[in-house]
Amino acid sequence: RVVAFHESGHALVGWLLEHTEAVMKVSIAPRTNAALGFSQMLPRDQYLFTKEQLFERMCMALGGRAAEAISFSRVTSVGECPSGKGSDKL
């Protein structure tokens, strides 16, 4: 359940912000040992970003943690994941 809220947080923030990539796919089924779920975005051929674009990309990256904090009043850490790994390290 936590993974579902986490990944939906990434997708929702990405959907709401203007300067983020389009959400292509969200999965809560573990596909590898490294991730319990993932949000996949359509990449752009852009290499230079404005300050606003970078800020919104950071917001999207933290959207999963924000969704956990709002929904469960706590944020899981890498050590709490069953696999012991995670991609949202800070």
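Do you know which of the residues in the range 32-76 that are aromatic (Phe, Trp, Tyr) and either touching a Cys at 6+ places or on another chain (Cβ under 8 Å) or outside any helix (DSSP H, G or I) (or both) is surrounded by the most Cβ atoms within 10 Å (Cβ to Cβ)?
In this case the residue turns out to be PHE38.
Could you count how many residues in the range 1-39 are at pLDDT 85 or above and polar (S, T, N, Q)?
Number satisfying all stated conditions: 1.
Report, by residue number, each residue of the range 1-15 that is free of Cβ contacts under 8 Å to residues at least 12 places away in the same chain and more than 17 Å from ALA69 (Cβ to Cβ).
Across the range 1-15, the qualifying residue is only TRP15.
Go through (1) farther than 23 Å from VAL75 by Cα; (2) among the aliphatic types (A, V, I, L, M); (3) open to solvent by less than 60 Å² (accessible area, probe 1.4 Å) and name the single condition MET24 misses.
With respect to (1) farther than 23 Å from VAL75 by Cα; (2) among the aliphatic types (A, V, I, L, M); (3) open to solvent by less than 60 Å² (accessible area, probe 1.4 Å), MET24 is out only on (3).
The values are calculated or read from the model by the stated rules, or taken from the named source; none is laboratory data. These figures come from a predicted structure and were not determined experimentally. Methodologically, a virtual Cβ is constructed for each residue, glycine included, from the backbone with ideal geometry; neighbour enumeration extends over all protein chains shown. Calculation scope for accessible area: heavy atoms of the full protein, side chains included, ligands and nucleic acids excluded. Shrake-Rupley method; radii C 1.70, N 1.55, O 1.52, S 1.80 Å.
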